[in-house]
Amino acid sequence: MTHLAAIVLAAGQGTRMKSALPKVLHPVAGRPLVHYPVAAALEAGAEEVVVVVGHGAERVTAYLADAFAGRVKTALQAEQLGTGHAAQMAMPVLDAAADRVLLLYGDTPLLHASDLRAVVRALDDAGDAPLAMLTCVVDDATGYGRVLRDAGGRVVAIREHKDLQSDDERAVREINPGMYAVRTAFLRRELAALRADNAQAELYLTDVVAAAGRSGGALGVRADATTLAGVNDRAQLADAERSMYRRIRERLGRAGVTVHGEPLVDDGVEVAPDATLGHGAVLRGRTRVAAGATVDAGCVLTDATIDAGAVLKPYSVVTDSRVGEGAQIGPFAHLRPGSDVGDGAHVGNFVETKNTVLRAGAKANHLAYLGDGDVGEGANVGAGTIFCNYDGFQKHRTVIGARAFIGSDSQLVAPVTIGVGAYVATGTTVTQDVPDGALALARTAQQNKLGYADRLRGRLEAAARAAKAARGDKPGK
Ligand code: UD1
Ligand code: CA
């Protein structure tokens, strides 16, 4: 029984990130850097993954436990003495049945499981060679280890950027992206033999490649350079994220999603075929968009569930909320956590909802705050309506019955219930429950004083003249 394990090195501080956050926890398209190599290793068939943690060990371990449950173990590298030393720390944790190991770094988010499968296959087909590694050719090799080959084209060593010894070596554009498949027994032996005789006085994992070259061969498997970029600083982090977002857009496009311009869809978000995403829309976390739904330009969705055929017009913000089938949101609507917009309901511009249910067909089309409420089926909430849900100490609920009509500029002082089919007159401050079918009216009756406008104007003008004279202003000024 052959058994493939993976080791992901993620203990480094990432000095070049200049960050309090450990490098491998910096997010790329919604997930920390370290997520991607772990997920790729599992996808490539690794039965177990050992992540070597050090800087921010607790936080990295907590993330991995949460994201990968039982499938990932960690090993601690208390002091960061180099990538070879980090790999040493993983060996005791490795399952004894693992006869081959995939070795990966925690800072290469763009890698593909298919490349990892290819490097494992190369090792399996290799005969005597104890190691296979990916390589790629880049225009600018700055910072990477260079792949050195002999006259016969065999890989003989990896030379770190800081250890380059000649112009010939500096001219090499074939680099080490940091993905290796190695026979476990060979790896165990060669890690134990590493020495820190290099520019950084570290134990280099890459020296294992030279050792393989001397005993049976190190195989180089060519892979596409764009997928293998390592992240060492935040400029490279931004580049990697751009590439990741582009990759996700391409995948969605091939899966039948219409993608206008450049929406930013995080890894893990689900968008069904025949949905449409507008330019600049941002979809995060556990967001799900169903078939035929439209998320137009500039919308920001976090942990949102958008049902079939719903339309989110531009610049709507939806957080931890659901939008039902065929519902219409925005433009410029704000659904805060706990909002549940029923099928066919409308939430229009400058309407804010929080912890509020709008049942099927309910409408709040303009300028309203609906907090801690339940709006009945087919009810209509007029412009400027406020659910006064907070008394400075506690939140209270507003319940509106089916088909009720709330006139514009009403305040509903919670806790309060408006009955089924009831009518609240425009400008009413509702402080008592309204029975089913009743009209609530709470405003001063209107009086019209005929001809009074001109008299009022004359009086106000005279008052203004008198005030000016008292200040000593010149007339006409
Ligand atoms: C490494 C390779 C280099 C390769 C490049 C690809 C070595 C010596 N060099 O260089 O050939 O071209 O990656 O991106 O391996 N880490 C630890 N413990 C340590 C040191 C590092 O866990 O003591 C982890 C880091 O968290 C990181 C990974 O190993 O995830 C790589 O370390 P980094 O310092 O970024 O190596 P590079 O200089 O990029
Ligand atoms: Ca690196």
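The values are calculated or read from the model by the stated rules, or taken from the named source; none is laboratory data. Since the structure is predicted, the reported quantities are computational estimates derived from the model, not experimental observations. Cβ placement follows ideal geometry from the backbone for every residue including glycine, while neighbour counts extend to all protein chains displayed. Protein only, heavy atoms only, side chains kept; ligands, DNA and RNA dropped before computing areas. Shrake-Rupley method; radii C 1.70, N 1.55, O 1.52, S 1.80 Å.
Checking each residue of the stretch 157-174 against the condition of being free of Cβ contacts under 8 Å to residues at least 60 places away in the same chain, under 22 Å from Val231 (Cβ atoms) and more than 12 Å from ligand 1 (Cβ to nearest atom) gives at least one match. Inclusion of Ile175 among residues that are touching a Cys at 6+ places or on another chain (Cβ under 9 Å) and closer than 25 Å to Val24 by Cα is warranted.
Sub-6 Å Cβ pairs linking a first residue in the stretch 1-24 that is assigned by TED's automatic domain parsing to the domain that holds Ala86 to a second residue that is in a loop (DSSP other than H, G, I, E, B) and of a type in the set (S, T, N, Q), at least 6 apart or interchain, are Ala11/Gln77; Ala11/Gln80; Gly12/Gln80; Arg16/Asn232, ordered by first then second residue. Only residues that are open to solvent by 30 Å² or more (accessible area, probe 1.4 Å) and closer than 19 Å to Ala141 by Cα were counted in the stretch 233-259, giving 7.
For the stretch 380-422, the set of residues classified as without any contact (Cβ under 8 Å) to a residue 12 or more places away in the chain and either open to solvent by less than 50 Å² (accessible area, probe 1.4 Å) or outside the structural domain of Phe350 (by TED's automatic domain parsing) (or both) consists of Gly392 only.
Restricting to the stretch 299-321, give me the number of residues that are of a type outside the set (Val, Ile, Thr) and surrounded by fewer than 20 Cβ atoms within 10 Å (Cβ to Cβ).
Within the stretch 299-321, the subset of a type outside the set (Val, Ile, Thr) is 299, 301, 303-304, 307-310, 312-316, 320-321.
Those still in the list that are surrounded by fewer than 20 Cβ atoms within 10 Å (Cβ to Cβ) too: 303, 308-309, 314-315, 320.
Summing the residues that are of a type outside the set (Val, Ile, Thr) and surrounded by fewer than 20 Cβ atoms within 10 Å (Cβ to Cβ) in the stretch 299-321 gives 6.
Only one of the numbered conditions (1) touching a residue at least 60 places away in the same chain (Cβ under 8 Å); (2) within 15 Å of ligand 2 (Cβ to nearest atom); (3) open to solvent by less than 50 Å² (accessible area, probe 1.4 Å); (4) out of contact with any His (no Cβ under 8 Å at 6 or more places or on another chain) is violated by Ala41, and that is (2).
Given the criteria open to solvent by 10 Å² or more (accessible area, probe 1.4 Å) and within 16 Å of ligand 2 (Cβ to nearest atom), does Thr74 qualify?
Working: open to solvent by 10 Å² or more (accessible area, probe 1.4 Å): yes; within 16 Å of ligand 2 (Cβ to nearest atom): no.
No; evaluated as a whole, the condition is false for this residue.
Candidates Arg246, Arg322, Arg234: the one that is without any contact (Cβ under 8 Å) to a residue 60 or more places away in the chain and either within 16 Å of ligand 1 (Cβ to nearest atom) or not assigned by TED's automatic domain parsing to the domain that holds Leu370 (or both) is Arg246.
What are the residues in the stretch 116-150 that are in contact with a Ser or Thr (Cβ under 7 Å, 6 or more places away or on another chain) and within 16 Å of ligand 1 (Cβ to nearest atom), if any?
Kept after step one, since they are in contact with a Ser or Thr (Cβ under 7 Å, 6 or more places away or on another chain), are these residues of the stretch 116-150: 130, 145, 147.
Within the stretch 116-150, Gly145, Val147 qualify.
Do you know which residues across the stretch 88-128 are within 16 Å of ligand 2 (Cβ to nearest atom) and either open to solvent by less than 20 Å² (accessible area, probe 1.4 Å) or not assigned by TED's automatic domain parsing to the domain that holds Leu33 (or both)?
Filtering the stretch 88-128 down to residues within 16 Å of ligand 2 (Cβ to nearest atom) leaves 103-111.
Matches in the stretch 88-128: Leu103, Leu104, Gly106, Thr108, Pro109, Leu110, Leu111.
Within the stretch 146-163, restricting attention to residues that are in contact with a helix residue (DSSP H, G or I) (Cβ under 7 Å, 6 or more places away or on another chain) and within 16 Å of ligand 2 (Cβ to nearest atom), the residue that is nearest to Glu190 (Cα to Cα) is Ile158.
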